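The values are calculated or read from the model by the stated rules, or taken from the named source; none is laboratory data. Bear in mind the structure is a predicted one, so any value in this text is a computation, not a measurement. Every residue, glycine among them, receives a Cβ derived from its backbone with ideal geometry; neighbour counts consider all protein chains shown.
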Amino acid sequence: MADAPFEIRITGLRKAFGRQVVLDGVDMDVRRGEVVAVVGGSGCGKTVLLNHVLGMLDPDAGRVQVADHDAPGQPLVDLASLDEGEIDRLHRHWGMVFQRNALFSGSVYDNLALWLREVREMDDAAIAPVAQRSLAAVALPTDPAFLDRDVNDLSGGMAKRLAVARAISMAPQMIFYDEPTTGLDPASSAQIHDLIAATHEAGAGPGDGAGGGPRTTVIITHDKDLLRRLRPRIVMLHQGKVFFDGTLAAFEANDSPIVRPYFELMPVLHGRPGAGA
């Protein structure tokens, strides 16, 4: 993985809101094919960091570079140099699973079709098989009755699976998860752990997330069980900087007065909706 090209390079990233400095010189790289979990106490800047990578915030200092999958050689480009349309073009190669799913009102099919119709400019005839493959990939029904089902009638676990299906329907090179298991019961959480792992391992491809090269996965989480299932590279933020960057084994064994209390507190933080700012 050390020789893989970069998907993300963050250098000297600083962001303050008024007098509150949230990010204070963050340096962080993500290479193609990695699974990276960003952790840290409430208010440490995880979500602010993610929003910079997504191009939703502008840095006060430093820069965020991401791979341009439309350009020959997929070079890194500085987000600050791009306009809104160019950032939207980059987003065509990314998937996002939000903490509260961010499903649209309407049916299962409506949720799968909207991005494919608006971003990929596909018609219903082309969308239908992609929708069915995406649902099958996350072990949801593919029959017309389920496609017509109102999303408000789905269980928490099914809604999360639909959010993942919607993300992989775009055949993304990279998927971001913002606290994907917060609020789920242990059985549903375990299913989502396995789903994230399977989606990553399947790679990027046309419509069902398979066969198009390695996929990169970035997860914001407090879920200790998810870390133990996926065994990602761990990046811990503290006081606006990267305090730890290494393996799960090293993170679990770390006796630092910063890491150890956070590691012990993770189950409590995981149970608090909205704890990942």
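All told, Asp3 falls short of being touching a residue at least 24 places away in the same chain (Cβ under 8 Å), surrounded by fewer than 21 Cβ atoms within 10 Å (Cβ to Cβ), among the acidic types (Asp, Glu) and more than 22 Å from Pro257 (Cβ to Cβ).
Does Ala61 satisfy the condition of being modelled with pLDDT of 95 or more and more than 26 Å from Asp223 (Cα to Cα)? Full working, then the answer.
Numbers: modelled with pLDDT of 95 or more: yes; more than 26 Å from Asp223 (Cα to Cα): yes.
When the stated conditions are applied, Ala61 passes them.
Screening Arg120 against (1) modelled with pLDDT under 90; (2) part of a helix (DSSP H, G or I); (3) among the basic types (Lys, Arg) leaves a single unmet condition, (2). Determine if segment 267-277 includes at least one residue that is in contact with an Asp or Glu (Cβ under 7 Å, 6 or more places away or on another chain) and at pLDDT below 95. Yes. The residues in segment 232-264 that are assigned to a loop (DSSP other than H, G, I, E, B) and without any contact (Cβ under 8 Å) to a residue 60 or more places away in the chain can be counted, and the count is 6. Say we look at segment 59-82 and pick out the residues that are of a type in the set (S, T, N, Q) and outside any strand (DSSP E or B); which of these is surrounded by the most Cβ atoms within 10 Å (Cβ to Cβ)? Top of the filtered list is Gln74.
For (1) of a type in the set (S, T, N, Q); (2) touching a strand residue (DSSP E or B) at 6+ places or on another chain (Cβ under 8 Å); (3) more than 19 Å from Ala198 (Cβ to Cβ), each residue gets a yes or a no:
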position	(1), (2), (3)
Gly106	no, yes, yes
Leu112	no, no, no
Glu118	no, no, yes
Met122	no, no, yes
Ala128	no, no, yes
Arg133	no, no, no
Ala136	no, no, no
Ala139	no, no, no
Pro144	no, no, yes
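Listed here are the residues, each with its yes/no results for (1) among the hydrophobic types (A, V, I, L, M, F, W, C); (2) in contact with a helix residue (DSSP H, G or I) (Cβ under 7 Å, 6 or more places away or on another chain); (3) touching a residue at least 12 places away in the same chain (Cβ under 8 Å); (4) within 18 Å of His91 (Cβ to Cβ).
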| position | (1), (2), (3), (4) |
| --- | --- |
| Met122 | yes, yes, no, yes |
| Val130 | yes, yes, yes, yes |
| Arg133 | no, no, yes, no |
| Val138 | yes, yes, yes, no |
| Asp143 | no, no, no, no |
| Leu147 | yes, yes, yes, no |
| Val151 | yes, yes, yes, no |
| Met158 | yes, no, yes, no |
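Please verify whether Leu103 is assigned to a loop (DSSP other than H, G, I, E, B), crowded, with 17+ Cβ neighbours inside 10 Å and of a type outside the set (Val, Ile, Thr), treating the condition exactly as stated. Steps first, please.
On the way: assigned to a loop (DSSP other than H, G, I, E, B): yes; crowded, with 17+ Cβ neighbours inside 10 Å: yes; of a type outside the set (Val, Ile, Thr): yes.
Yes.
In this structure, Pro72 does not qualify as in contact with a His (Cβ under 8 Å, 6 or more places away or on another chain) and either on the phi > 0 side of the Ramachandran plot or at pLDDT 90 or above (or both).
Yes/no matrix, rows are residues, columns are (1) of a type in the set (A, V, I, L, M); (2) surrounded by 13 or more Cβ atoms within 10 Å (Cβ to Cβ); (3) modelled with pLDDT under 95:
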| residue | (1), (2), (3) |
| --- | --- |
| Glu179 | no, yes, yes |
| His193 | no, yes, yes |
| Ala198 | yes, yes, yes |
| Asp225 | no, yes, yes |
| Val235 | yes, yes, no |
| Phe244 | no, yes, no |
| Pro257 | no, no, no |
